[in-house]
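For reference, the structure is listed below as structure tokens.
The values are calculated or read from the model by the stated rules, or taken from the named source; none is laboratory data. Here the structure is a predicted model, which is why all the values come from computation and not from measurement. Ideal geometry is used to build each Cβ from the backbone, glycine not excepted, and the neighbour counts take in all protein chains shown.
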Ligand code: SF4
């Protein structure tokens, strides 16, 4: 069978191991070399181009049900393994920071690669007297407690609602800075083996977004960004945004691309601002685009600011 393998950047170094196993079974293997940002970003074009009957997407849990005639889609999440002796020292520091902040009830969240580790983290915190809530994420989230860069709902929904603080167990700042819970957020990072509060960075990001909304409200011409990535494409949202902006007497056009970047948009000099219907984290790089970018989720706030 023709199989296309797809890996996020951090797992591309494992491509040959997986390819070898399948080739030993007699499959014809192709490997997507396109950038892969998340579970929303299935390599469907590449699968079609090579006539693959199966697409195996590594590293993420399923995002949404995608049906493509003649193509089987399989998700193979990656689960990180840890040196628990060192991780527990880091968690002791995290527990100390929570005590200082008088947070007794915490919401525990994590990216899917720490799903299995999260059970130990929960036990660790409970053994030190914390009450640990594991909330349910939004429609694209498969596991309780799991967060995506575009969905931090598990930090404040359901049983996590009344938590005093959020504990994010995972690496990097991409996921925790997406947790707009209104609560303090503590990173317990098992890759850096460090624990630290990230609340100020989240607040700064929120301020930047408010500034972008204000600046965008002054624009006369808007570009509305639509991605062709299967988990991001939102043509209906873009058409609605265009109508609403035009009702305000401004001009709007819909721009379609698989992936948006400052270079791709640099020569569209006529647009004064962008409304983004694709990955909501594009706005994190707003400054690099040189023009304000606001998310579709904020369109009502944008329209209210337009006079
Ligand atoms: S939409 Fe953006 S944040 Fe959400 S899964 Fe895709 S790449 Fe990640």
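Among the residues of segment 129-136, some residue qualifies, meaning at least one is assigned by TED's automatic domain parsing to the domain that holds residue 184, more than 30 Å from residue 15 (Cα to Cα), at pLDDT below 95 and surrounded by fewer than 22 Cβ atoms within 10 Å (Cβ to Cβ). Any idea which residue in segment 16-47 is farthest from the ligand (Cβ to nearest atom), counting only those that are in contact with a strand residue (DSSP E or B) (Cβ under 8 Å, 6 or more places away or on another chain) and part of a helix (DSSP H, G or I)? Only one residue fits best here, namely 23.
Please indicate, with yes or no, whether at least one residue in segment 226-240 is in a loop (DSSP other than H, G, I, E, B), under 25 Å from the mean Cα position of the chain (by Cα) and away from the ligand (no atom under 16 Å from the Cβ). Looking for residues that are in a loop (DSSP other than H, G, I, E, B), under 25 Å from the mean Cα position of the chain (by Cα) and away from the ligand (no atom under 16 Å from the Cβ), one finds none in segment 226-240, hence no. Only one entry of 233, 238, 264 meets the criterion of being under 30 Å from residue 67 (Cα atoms) and at pLDDT below 95, and that entry is 264.
Would you confirm whether or not segment 4-13 contains a residue that is in contact (Cβ under 8 Å) with a residue 40 or more places away in the chain, more than 15 Å from the ligand (Cβ to nearest atom) and within 14 Å of residue 72 (Cα to Cα)? So far as segment 4-13 goes, yes, one or more of its residues are in contact (Cβ under 8 Å) with a residue 40 or more places away in the chain, more than 15 Å from the ligand (Cβ to nearest atom) and within 14 Å of residue 72 (Cα to Cα). Of the candidates 180, 163, the single residue that is at negative phi and surrounded by fewer than 20 Cβ atoms within 10 Å (Cβ to Cβ) is 180.
When residue 289 is tested against the conditions (1) touching a strand residue (DSSP E or B) at 6+ places or on another chain (Cβ under 6 Å); (2) without any contact (Cβ under 8 Å) to a residue 40 or more places away in the chain; (3) over 29 Å from residue 48 (Cβ atoms), the lone failure is (1).
Restricted to strands (runs of 3 or more DSSP E) entirely inside segment 69-160, those with at least 1 residues that are in contact with a strand residue (DSSP E or B) (Cβ under 8 Å, 6 or more places away or on another chain) and closer than 23 Å to residue 177 by Cβ are 105-109, 131-133. Residues considered: 245, 282, 293, 299. Of these, the only one that is within 16 Å of the ligand (Cβ to nearest atom) and more than 16 Å from the chain's Cα centre (by Cα) is 293.
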